[in-house]
Structures are given as C-alpha cells and as structure tokens.
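Notes follow once the structure below has been shown.
The values are calculated or read from the model by the stated rules, or taken from the named source; none is laboratory data. As the structure is a computational prediction, the values presented were derived from the model and not from experiment. Counting neighbours? That spans all protein chains shown, and the Cβs are built from the backbone with ideal geometry, glycine included.
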Amino acid sequence: MSVDVSDEDMLLFQQLFQQYIGLHLPLSKKALLCSRFSRRLGELNLSCLREYYNLIALPQQQEERQRAIDLITTNETYFFRERRHFDVLREEILPLIPARQLMRVWSAASSTGEEAYSLAMLLNDCRPDGPWRIFASDISQRVLTFARRGLYPMVRGQNIPDAYLTRFCLCGTGDYDGHFLVNQKLRAQVQFDQRNLLRLPDDMDEQFDVIFLRNVIIYFDFQTKVEVIRSVARKLKPGGWLIVGHSESLHGMPTGLQMHTPSIYRRLP
C-alpha cells in the first residue's frame, strides 16, 4: 500500500511520539514514517495516515499506540557493538568493583538483546565466581519478546569472539539452521522488561554499577536528552558508570556526571 503524509499530519505524529516516548521525529523523516506504517494501514483497512493518527491518539488505544511505537523506533544493533566500551569495562571498570560484591548492570536501550547478552558473556568470563545481574529494558515490546528468546541469525554473531561463541552459544540445526541460540544458563542471568526512559517507575529503586545507554539519546531533542540522562543517572550508584554511544555527548548538559573519556561518564562518589 502506497501512502503519503502531509506536513500537518507529520507534525501530529511528531507531537504524539514526543509526548509518549520523547522521540524527536523531524519532517525529514516523512519517508520513514510512511514506510513503517503503510502495511499496518492496509491491515486495518485505513485509507490514510491521518486516520491512523486519529486511532492511536485515542487514550483507550494503548495497545495500538504501543504497536505504532514498536514500528517507528529504530532497533539496529549487533553483538559487541562499539567494542571499545567492552574493553574499558573489562580493563578499567571491573577491577574497581570488589569480586564478591553483587554487580548490577543495566542495558537501558537493549533493543533485540545483543548488547545485554554481550555484557553477560563478558561478565561470565571475567567474574566467574562473582555475583552479577543484568537488567535489560526497551520501549518496544516486540523487540523484548525477540530478545528473551535469545535466537539470532548466524550473521548477527560475527563480532562475538570465537571463544565466547563456542562457550555461550548453541548452533541451530534443522528448522534453525543458520541460527544460534544463547545458552539457557546465560539467558537466565538477564532480565528483560519494558521501560519508558521518560517515565521510569517510582518503584524502580535498584541502583546500578554500570548503565549502558547507547545510541538512543540521538533521537531526542536537547531538553528531552537532559531529562532522560538525569533520570537514568539517578539509578547509578555513587561512583557508578554511564556509557553512551560513541556519536553521543553530554557536553553542555547539567547532569552531575564527570567525563572519564568521550562517551564514558561517572557519577561522583
């Protein structure tokens, strides 16, 4: 189904996604919006994007609005993405955390789970006798369902070190030929749940030693970036570490965090 969107309708979607998830959707993304929603319009027998907006803007349409959020959010990721962050975690951060202390790590925009499982592989390797736990969250229920399975096309694992691939992954056969499965023991140490970074629940009182918040704030305007960073940083332990994407910076933001190296920040003890 071919669809188009006017500037007026685009602004309506822009305001809606800004309101619910803080996503900044500029007019330059009109083609993206059309491509992501065209199939859904056909499934619902809707003739235009304004009709779809009128549907998902209704307060009682939480399920369809969540589906729209799932469709519009970008979820491109892969195992051991931006490897330097994992090197810093292994070589500089882990030695500072007592071996017998429970270490908590939050993958705060986990998408389809590759980041969380990469962290789990590294922690299992580097802290085999030390307790650790990973919490992984995303705004999209669709990608969380995918992540919990831990089943990936083999091509997605090309950056996993060979030793980790052999140790932590099972090669698929039959219907799953060309895929690999993260082993059950590792999957059990990663908890996935939905979180909206703009509206973190009041009862989320756990504090983390390390938070990965990578390649997500680039989709927010400046004020929303500040709100998200402040909200997430409150979940860091004193002395804890926040890691953002290589292309992201907290420069000029009043966050209370100290830069360790570009893209790696620390909450003062």
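In summary, residue 255 fulfils each of the numbered conditions (1) among the β-branched types (Val, Ile, Thr); (2) in a loop (DSSP other than H, G, I, E, B); (3) not assigned by TED's automatic domain parsing to the domain that holds residue 105 with the single exception of condition (3).
If a residue must be crowded, with 20+ Cβ neighbours inside 10 Å and under 21 Å from residue 26 (Cβ atoms), how many such residues does the range 186-206 contain? Of the residues in that region, 1 qualify. Here residue 117 passes the criteria (1) outside the structural domain of residue 236 (by TED's automatic domain parsing); (2) part of a helix (DSSP H, G or I); (3) hydroxyl-bearing (Ser, Thr, Tyr) except the one numbered (1).
Working only within the range 63-78, note down all residues that are among the charged types (D, E, K, R) and either in a helix (DSSP H, G or I) or modelled with pLDDT of 85 or more (or both). Scanning the range 63-78 gives 63, 64, 65, 67, 70. Taking the listed residues 227, 206, the one that is part of a helix (DSSP H, G or I) and either touching a helix residue (DSSP H, G or I) at 6+ places or on another chain (Cβ under 6 Å) or acidic (Asp, Glu) (or both) is 227, with no other qualifying. Annotation: of all residues in the range 84-100 being at pLDDT 95 or above and among the basic types (Lys, Arg), the one that is nearest to residue 240 (Cα to Cα) is 90.
Within the range 207-245, being buried (at least 21 other Cβ atoms within 10 Å of the Cβ) and either polar (S, T, N, Q) or free of Cβ contacts under 8 Å to residues at least 60 places away in the same chain (or both) holds for 217, 225, 229, 236, 240, 242, 244. For the range 66-117, filtered to residues that are among the polar types (S, T, N, Q) and under 13 Å from the mean Cα position of the chain (by Cα), the residue that is surrounded by the fewest Cβ atoms within 10 Å (Cβ to Cβ) is 74. Filtering 52, 20 for residues that are assigned to a helix (DSSP H, G or I), free of Cβ contacts under 8 Å to residues at least 24 places away in the same chain and crowded, with 16+ Cβ neighbours inside 10 Å leaves a single hit, 52. The criterion of at least 3 residues that are modelled with pLDDT of 95 or more and not basic (Lys, Arg) is met by the following strands (runs of 3 or more DSSP E) wholly inside the range 143-194: 179-182, 190-194.
For every residue, the table says whether it meets (1) under 24 Å from residue 238 (Cβ atoms); (2) in contact (Cβ under 8 Å) with a residue 40 or more places away in the chain.
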residue	(1), (2)
62	no, no
72	no, yes
103	yes, yes
108	yes, yes
111	no, no
126	yes, no
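Check the range 24-32 and report whether any residue there is crowded, with 17+ Cβ neighbours inside 10 Å, in contact (Cβ under 8 Å) with a residue 40 or more places away in the chain, of a type in the set (A, V, I, L, M, F, W, C) and outside the structural domain of residue 200 (by TED's automatic domain parsing). Yes - at least one qualifying residue is present in the range 24-32. For the range 216-269, give me each residue that is over 24 Å from residue 97 (Cβ atoms) and hydrophobic (A, V, I, L, M, F, W, C). Within the range 216-269, 216, 217, 218, 220, 222, 226, 228, 253 meet the criteria.
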